[in-house]
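Colleague: This is the structure I have questions about; it appears just below.
The values are calculated or read from the model by the stated rules, or taken from the named source; none is laboratory data. None of these values were measured; they are calculated from a predicted model. Here the Cβ positions follow ideal geometry from the backbone for every residue, glycine too, while neighbour counts run over all protein chains shown. Please note that ligands, DNA and RNA were not included when accessible areas were found on the heavy atoms of the full protein model with its side chains. Shrake-Rupley method; radii C 1.70, N 1.55, O 1.52, S 1.80 Å.
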Amino acid sequence: MKVEVLAKKEKWIDVKDGNICTPKGFSAGGLHCGIKRKRKDLGWIYSETPAMAAAVYTTNLFQAPPLKVSKESINTNGTLQGVIVNSGNANSCTGHEGLKNAYKMREVFAKKACLNKEDVAVISTGVIGEQLPISKIITGVESISALTTSDEALSFEEAILTTDTFTKHICLQLKSEDKVYTIAGAAKGSGMVHPNMATMLGFVTTDINIDHELLQQALSEVTKETFNMITVDGDTSTNDMVLVLANGMAGNKQWKENDDEYTFFKQGLHMVCQSLSQQIARDGEGATKLIEVQVNSAETVKDAQVIAKTIVGSSLVKTAVFGQDPNWGRIVSAVGYSGITLDTTKIKVMIGPILIVKDGMPISFCEEEAKSYLKNEKIEIIVDLSTGSESATAWGCDLSYDYVRINASYRT
């Protein structure tokens with residue numbers, strides 16, 4: 001089955017009612033164990049069979065104990081069968097006791113699921129610097145019913161949230177010949193989100209059979225163009241990661257790097273990760289708009305990525321979008337301080353369909369038309385550098401009054 005044939009006859013289809021339990025062999029759920037006052041705060045994923053596992057992690061040097069434990073599990077044999085996640089407490093900057101609690105969290109879930117401890121990943125998110133209320137988590141894990149058969153993906157999605165205002169998920173499926181392939185994802189993320197991983201968690205499940213090293217390669221490559229191209233406020237947290245589980249229950253022969261199907265798999269993974277990235281960016285704390293910045297005609301992909309992330313991360317650009325002010329000066333200023341060498345006399349800038357800068361100079365445009373465009377929920381900013389053929393896209397959100405309100409009282 002060649003990818004060229006697939007591209008012509010079949011394509012990944014969005015499964016509207018799909019979730020991380022849709023791929024064969026996966027179950028998930030969530031409950032309230034008492035870390036938070038009322039909302040769900042403990043979630044889990046379980047695979048009927050050991051799944052190939054791949055992950056990418058925060059670049060913050062203060063990596064939390066749960067990440068260390070999860071890395072240890074994945075590095076044991078490259079597979080996982082269970083994931084346990086808590087929200088409301090990051091178990092970060094908690095020293096030896098925090099590491100002990102992360103191991104305990106893994107141990108109790110492994111026992112509950114009848115797994116070896118190395119089959120389980122542990123993830124925490126929430127307030128930094130407070131010891132994990134491990135007794136509440138133990139009680140919560142022990143109270144889980146129907147762990148291996150539950151189809152409660154929404155409860156899982158709710159259980160991983162912190163300051164998020166909505167759950168985030170996507171499911172894609174492809175039917176080809178006698179097989180159905182599914183890739184699904186769930187995520188959380190709202191504030192402290194910045195390129196190179198931040199306060200965000202991403203979970204991807206798939207029933208495709210793929211080589212472990214290739215799965216890691218695909219995730220690392222896709223992350224550079226998706227999760228690493230979003231920013232909310234420029235802060236990078238201590239905990240977070242994206243995890244992919246591939247249990248092979250679709251029944252295909254294991255795909256390897258030289259197989260045409262690998263390109264096809266990576267396309268589906270990219271679509272899932274990009275959708276989750278955009279949903280995270282749109283849900284920035286207090287955000288009212290999703291901002292998408294496209295940088296075209298750059299000399300290198302890296303140049304385009306740096307400039308796109310600089311623009312979408314600019315507080316002045318963010319506030320201009322929130323205030324519906326077509327302030328082109330803030331955009332070109334961000335391009336100028338991005339650190340990329342370029343010919344400013346060749347730059348073209350558009351806000352949506354409206355050309356506002358040509359050859360590095362402002363041109364006459366209808367202010368009212370531009371302000372009207374900025375009322376939309378999704379705002380596109382396009383920058384053409386006219387120096388090459390490479391491009392990149394970054395996503396972020398506007399900066400509103402509510403961002404300060406939410407973060408000023410995060411611990412209270």
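Colleague: Add -39500 (n - 2.57) for each DSSP H run of 4 or more in the chain, then divide by its residues: what number comes out at 222 nm, to the nearest 500 deg cm²/dmol?
Modeller: Values: 12 runs with 136 residues, N = 412.
It comes out at -10000 deg cm²/dmol, rounded to the nearest 500.
Colleague: Right, next: Using a 1.4 Å probe on the protein chains only, how many percent of the accessible area of the chain belongs to carbon and sulfur? Can you show the working numbers first?
Modeller: Values: 8490 of 17250 Å².
That share works out to 49 percent.
Colleague: Kindly report the accessible area of the chain per residue (heavy atoms of protein chains, probe 1.4 Å, no ligands, DNA or RNA), in Å².
Modeller: Working: 17250 Å² over 412 residues.
Per residue, the chain has 42 Å² of solvent-accessible surface.
Colleague: Same structure, new question: Please name which of Ile144, Gln254, Gly82 has its Cα lying farthest along the dipole of the chain towards the positive end, using unit charges on Cβ (Lys, Arg +1; Asp, Glu -1) and the Cα centre as origin.
Modeller: Final value for the positive-end residue is Ile144.
Colleague: If we count every other residue with Cβ under 13 angstrom of Gln254's Cβ, Lys/Arg +1 and Asp/Glu -1, where does the sum land? Spell out each step's value before the answer.
Modeller: Values: positive: Lys253, Lys256; negative: Asp207, Asp211, Glu213, Glu257, Asp259, Glu261.
Local net charge: -4.
Colleague: Using +1 at the Cβ of each Lys and Arg and -1 at the Cβ of each Asp and Glu in the chain, identify which of Gln294, Val332, Ile280 lies farthest towards the dipole's positive end.
Modeller: Comparing the listed Cα positions along the dipole, Ile280 ranks first.
Colleague: To continue, here is another question. Do any GluC sites (Glu not before Pro) in the range 345-403 lie in a DSSP loop with no more than 10 other beta carbon atoms within 10 Å, and if so, which?
Modeller: Values: sites: Glu367, Glu368, Glu369, Glu377, Glu380, Glu390; in loops: Glu377.
Those that pass, being in a loop and sparsely packed, are Glu377.
Colleague: I've got another one for you. Roughly how large, in nm² to one decimal, is the mean projection of the convex hull of the alpha-carbon atoms in the chain?
Modeller: Values: hull surface 80.6 nm².
Computed as one quarter of the Cα hull surface, the answer is 20.1 nm².
Colleague: All other residues with a Cβ under 11 Å from the Cβ of Gly185 taken together, and with Lys, Arg as +1 and Asp, Glu as -1, what is their net charge? All intermediate terms of the calculation are to be shown ahead of the outcome.
Modeller: On the way: positive: Lys168; negative: Glu157.
Taking every other residue near Gly185 into account, the sum is 0.
Colleague: Collect residues whose amide H, placed 1.01 Å from N in the peptide plane, falls under 5 Å from the amide H of Gly251; neighbours closer than 5 in sequence don't count.
Modeller: The answer is Asn209.
Colleague: I'd like the orientation of helix 260-282 relative to the chain: the angle between its Cα long axis and the longest Cα principal axis, in ° from 0 to 90, rounded to 10.
Modeller: Compared with the principal axis, the helix lies near 70 degrees.
Colleague: Here's something else I'd like to know. Net charge within 13 Å of Ser47 by Cβ-Cβ distance, Lys/Arg positive one each and Asp/Glu negative one each, not counting Ser47 itself?
Modeller: My count for the surroundings of Ser47 gives -2.
Colleague: Measure nothing fancy, just the Cα-based angle from helix 65-77's long axis to the longest principal axis of the chain, in degrees from 0 to 90, nearest 10.
Modeller: Around 70 degrees separate the two axes.
Colleague: For Thr79, enumerate residues with amide H under 5 Å from its amide H, sequence gap 5+ or separate chain, H modeled in the peptide plane.
Modeller: Result for Thr79 returns Ala53.
Colleague: Output the peptides 213-225, 142-154, 300-312 sorted from most to least packed, where packing is the average of other Cβ atoms within 10 Å over each peptide's residues. Walk me through the intermediate numbers first.
Modeller: On the way: 213-225: 19.1, 142-154: 15.2, 300-312: 22.1.
Sorting 213-225, 142-154, 300-312 by mean packing, highest first, produces 300-312, 213-225, 142-154.
Colleague: If packing is taken as the mean number of other Cβ atoms within 10 Å per residue, what is the order of 113-125, 15-27, highest first? Don't skip to the answer; put the middle values down first.
Modeller: Numbers: 113-125: 22.3, 15-27: 19.2.
Per-residue mean Cβ counts within 10 Å order the peptides as 113-125, 15-27.
Colleague: Another question, if that's okay. Taking every DSSP beta bridge with both residues inside the chain, roughly what % is antiparallel (nearest 5)?
Modeller: Values: 54 of 78 bridges.
In the chain, approximately 70 percent of DSSP beta bridges are antiparallel ones.
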